[in-house]
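Visitor: Just dropping this structure here.
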Amino acid sequence: MGSQRCDSGAFPIIDSHIHLYAKTHIPSLAWATDLAEDFPLNRQNSVDEYKAAAGEQANLVGFVFLETDRKSGLESTEWQAPYDEVDFLIRIAKGTPIGGEGHSTEDSKLVLGVVPWAPIPAGLTLLKQYVEELESKFAEAGIPKRLSGFRYLLQDKKPGVMLQPEFVDGLRYMGEKGLSFDLGVDSHRGGMHQLVEAVELLQRLQDFGSHVRVILDHFCKPNMALTATDIQNAHPQYVEWKRHVEQLAKYPFAYMKLSGWMTELPPQDENNPLDIEEMLTQTKPWADVIFDAFTPSRILFGSDWPVVNLGGMGIQKSWQYWHDLVEGMLDSRDLDTKSRAQIWSGTAIKAYNLAMD
């Protein structure tokens, strides 16, 4: 390992990507259909469970909450579930818990940023109505700075959605308000065209002079089941993913999260997982692309909890395993103190414009 090896306990950590919901919220989640009883996401995954997963040793300052894909639509009559989710996060951020929701008054300090769903393709009239209603909710709660940005998942949408004029105008509007946008695509299951469109989207935003900060989630979900031999033989999925990611990195307002790997890799044996060194070797081709293209000033740590629990490590181990793997990446890159601090927290503060009181 590099000479700059340093325990992440020396750095404050901001987890830039977590999801939260109480057990009673599961029926409102769009993806929660026909879930097995023992499925790791078919349980309460709120702040109590998150803190147990992260552990006190992680030097955790707080987190950025990302919307959990509640049932929604582009018409205002379809916004109740996202509104309910925002109300839930406001209760956490204010420290006003409702019994059974899995959080307490002292947890309010952990909520550094909230990134709700937004109907971005709906057109500016409806989008402004929605955003202004959420801004009013946060202002009335006395926590306006906790509203950091918005997300509209694109990984399961038809081709062309993100290039519609209404979508581009929506992101320009976000930029005018100083808000960020989380761009979630899936280049493996959704198709490589999603990355092609993402590059075109960023080019259009730049042409318009937009100031919106675009935060790319989960490495854009490449096919990480490819073997070392596949990569050495220039497998098209790896070559195309690499080329498009490098193109995305050319836009200075684009950021990349170190998140979401565990669900893209082959499942681990919970009782006999790959040790960190083996996993670092397996994931190095992907990590090298991200670090070389974006550099630490535009890379931020995120756990994707509780989805990270689907990687086969178990709900007690997954967060810490991912944390340790990221720490190993930073060691292997021989990063200096400033670069490490950026990845663990500094880039998240910048990308989400977090108010660190």
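Visitor: Just to check, using Stokes-Einstein with a Kirkwood Rh over alpha carbon pairs, what's the diffusion coefficient of the chain at 20 °C and 1.002 mPa s in µm²/s?
Guide: Estimated via Stokes-Einstein, D reaches 104 µm²/s.
Visitor: OK, next. Along the positive direction of the dipole of the chain (beta-carbon charges: Lys, Arg +1; Asp, Glu -1; about the Cα centre), which of Ile92, Gln194, Phe208 reaches farthest?
Guide: Phe208
Visitor: DSSP loop (so not H, G, I, E, B), at most 13 other Cβ within 10 Å: list which GluC sites (Glu not before Pro) in region 13-96 pass both filters.
Guide: Passing both the DSSP loop test and the Cβ count: Glu37, Glu75.
Visitor: Distance between the C-alpha centers of region 158-200 and region 286-332? Whole Å please.
Guide: 24 Å
Visitor: In a shell of Cβ-Cβ distance under 12 Å around His17, excluding His17 itself, what net charge do Lys and Arg (+1) and Asp and Glu (-1) give?
Guide: Taking every Cβ under 12 Å from that of His17, the sum is -3.
Visitor: Excluding ligands and nucleic acids, what accessible area in Å² is computed for Leu163 using a 1.4 Å probe, to the nearest 10?
Guide: The value for Leu163 is about 40 Å².
Visitor: So, R0 is 22 Å and r is the distance between the beta-carbons of Lys71 and Lys23; what FRET efficiency does that work out to, to 0.05?
Guide: The pair Lys71/Lys23 has a calculated efficiency of 0.85.
Visitor: Once you place label points 7 Å from the Cα toward the Cβ at Ser136 and Lys177, how far apart are they in nm?
Guide: The two pseudo-label positions are separated by 1.3 nm.
Visitor: Classify region 66-132: rounded, prolate or oblate, from the alpha-carbon gyration tensor (a ≥ b ≥ c, eigenvalue square roots; a/c under 1.5 rounded; otherwise prolate if a/b is larger than b/c)?
Guide: prolate
Visitor: Here's another thing I want to ask about it. How large is the charge dipole for region 235-345, taken about the Cα centre, if only the Cβ atoms of Lys, Arg (+1) and Asp, Glu (-1) carry charge, to the nearest 20 debye?
Guide: Once rounded to the nearest 20, the dipole reads 560 debye.
Visitor: Over region 13-352, calculate the relative contact order: mean separation of alpha carbon pairs under 8 Å at least 6 apart, over the residue count, as a percent.
Guide: Computed value for region 13-352: 18 percent relative contact order.
Visitor: What would the Debye formula give as log10 I(q)/I(0) at q = 0.09 Å⁻¹ for the alpha-carbon point model of region 11-127, no solvent?
Guide: At q = 0.09 Å⁻¹ the computed log10 ratios are -0.26.
Visitor: Further question on the same structure: Determine how large the accessible area of Glu135 is when every protein chain is in place; take a 1.4 Å probe and give Å² rounded to the nearest 10.
Guide: Ignoring ligands and nucleic acids, Glu135 comes out at about 60 Å².
Visitor: Output the antiparallel fraction of DSSP beta bridges having both residues in the chain, as a percent to the nearest 5.
Guide: Antiparallel: roughly 10 percent of the beta bridges in the chain.
Visitor: Relative contact order, percent, of region 226-307 when contacts are C-alpha pairs under 8 Å separated by at least 6 residues?
Guide: Relative contact order comes out at 48 percent.
Visitor: Per DSSP H run of at least 4 residues, take -39500 (n - 2.57); add these up for the chain, divide by its residues and hand me the 222 nm value, nearest 500 deg cm²/dmol.
Guide: Only helices count here, giving -11500 deg cm²/dmol.
Visitor: Note down the relative contact order for region 1-120 as a percent, whole number, built from C-alpha pairs under 8 angstrom at least six residues apart.
Guide: This gives 30 percent for region 1-120.
Visitor: Can you find, among Leu300, Leu248, Asn271, the residue sitting farthest towards the positive end of the charge dipole of region 241-306, where Lys and Arg contribute +1 and Asp and Glu -1 at Cβ?
Guide: Leu248
Visitor: Could you calculate, for region 205-357, the ratio of the Cα radius of gyration to the Kirkwood radius, expressed as Rg to Rh?
Guide: 0.97
The values are calculated or read from the model by the stated rules, or taken from the named source; none is laboratory data. Remember, it's a predicted structure, so these values are computed and weren't measured experimentally. Counting neighbours? That spans all protein chains shown, and the Cβs are built from the backbone with ideal geometry, glycine included. The accessibility values were calculated without ligands, DNA or RNA, using every heavy atom of the protein model including side chains. Shrake-Rupley method; radii C 1.70, N 1.55, O 1.52, S 1.80 Å.
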